[in-house]
Amino acid sequence: QKEVEQNSGPLSVPEGAIASLNCTYSDRGSQSFFWYRQYSGKSPELIMSIYSNGDKEDGRFTAQLNKASQYVSLLIRDSQPSDSATYLCAVNDGSSASKIIFGSGTRLSIRP
Amino acid sequence: GEEVAQTPKHLVRGEGQKAKLYCAPIKGHSYVFWYQQVLKNEFKFLISFQNENVFDETGMPKERFSAKCLPNSPCSLEIQATKLEDSAVYFCASSLPGLNEQFFGPGTRLTVL
């Protein structure tokens, strides 16, 4: 069974610090990797996508991908209280072009 | 439209009743996906469409679940004879062809009593 693993948290980070979220996946055929943010009672919101090894930066967010280690991470710099949410790692199913597999999410709490 | 639209927001059904959920993808997006989210953020893929054609239905419990995407109509997900374990939030997502980035609608919360 193809899996995406995340630490469920909660991860508590002081305001202004860097939050680091990690994810591992089992399918070596996966080519597309995503981070979604989901506030309680709301739908997932795509915040980062990454397709090649290395780092990708967008504002305060940096996604990192290491396909050899089957590892994806998300760094959030200068964490704000509004960043408090569940972060879902998602990976495409290598055998089905359209299907993505979600991790169970990491709950992030930014403390003032 | 610019966002994925889902109706209704909430749906309450007695066990054994039928439930029908609707989804309008973002204009220009030819892929539509249905997911079921139960407790603890577990997302389960149900089915995907490429335009009106089923693309991947490996997640569908076929006995009671069916889905359609017909031209010029919202896509639909129908559950016949609902069971208590069908209680969940059902999300629809859409994407452009050739890209895997999926954008989610607000979801329909189904409660089966």
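General observations
- Take the conditions (1) exposed (fewer than 13 other Cβ atoms within 10 Å of the Cβ); (2) under 15 Å from the mean Cα position of the chain (by Cα); (3) closer than 27 Å to A:Tyr39 by Cβ; (4) not hydroxyl-bearing (Ser, Thr, Tyr); B:Lys27 misses just one of them, which is (2).
- Residues that are crowded, with 22+ Cβ neighbours inside 10 Å, more than 8 Å from every other protein chain (Cβ to nearest Cβ) and not in a strand (DSSP E or B), drawn from segment A:103-112: A:Gly103
- The set of residues in segment A:58-69 that are without any contact (Cβ under 8 Å) to a residue 24 or more places away in the chain and either within 14 Å of chain B (Cβ to nearest Cβ) or buried (at least 17 other Cβ atoms within 10 Å of the Cβ) (or both) comprises A:Asp58, A:Thr62, A:Gln64.
- Residue list for segment A:34-48, restricted to those being within 24 Å of A:Gln1 (Cβ to Cβ) and either charged (D, E, K, R) or facing chain B (nearest Cβ under 9 Å) (or both): A:Phe34, A:Tyr36, A:Gln38, A:Pro44
- Flag if B:Cys69 is crowded, with 19+ Cβ neighbours inside 10 Å, within 22 Å of B:Glu2 (Cα to Cα) and within 10 Å of chain A (Cβ to nearest Cβ): no
- Scanning segment A:1-41 for residues that are of a type in the set (S, T, N, Q) and not in a loop (DSSP other than H, G, I, E, B) returns A:Gln6, A:Ser12, A:Ser20, A:Asn22, A:Thr24, A:Gln38.
- Condition check for B:Leu96: within 14 Å of another protein chain (Cβ to nearest Cβ), surrounded by fewer than 19 Cβ atoms within 10 Å (Cβ to Cβ), aliphatic (A, V, I, L, M) and out of contact with any Phe, Trp or Tyr (no Cβ under 7 Å at 6 or more places or on another chain): yes
- Those residues of segment A:70-102 which are in a loop (DSSP other than H, G, I, E, B), in contact with a Ser or Thr (Cβ under 8 Å, 6 or more places away or on another chain), at pLDDT 95 or above and surrounded by fewer than 18 Cβ atoms within 10 Å (Cβ to Cβ), in sequence order: A:Gln70, A:Arg77
- Among residues of segment B:99-113 that are more than 7 Å from chain A (Cβ to nearest Cβ), those with a Cβ under 8 angstrom from a residue that is of a type in the set (Asp, Glu) and crowded, with 16+ Cβ neighbours inside 10 Å, sequence gap 6+ or separate chain, pair up as B:Leu110/B:Asp86; B:Val112/B:Asp86.
- Flag for A:Gly54 being more than 12 Å from chain B (Cβ to nearest Cβ), over 13 Å from the mean Cα position of the chain (by Cα) and in contact (Cβ under 8 Å) with a residue 60 or more places away in the chain: no
The values are calculated or read from the model by the stated rules, or taken from the named source; none is laboratory data. Remember, it's a predicted structure, so these values are computed and weren't measured experimentally. So basically every Cβ, Gly included, is an ideal-geometry build from the backbone, and we count neighbours across all protein chains shown.
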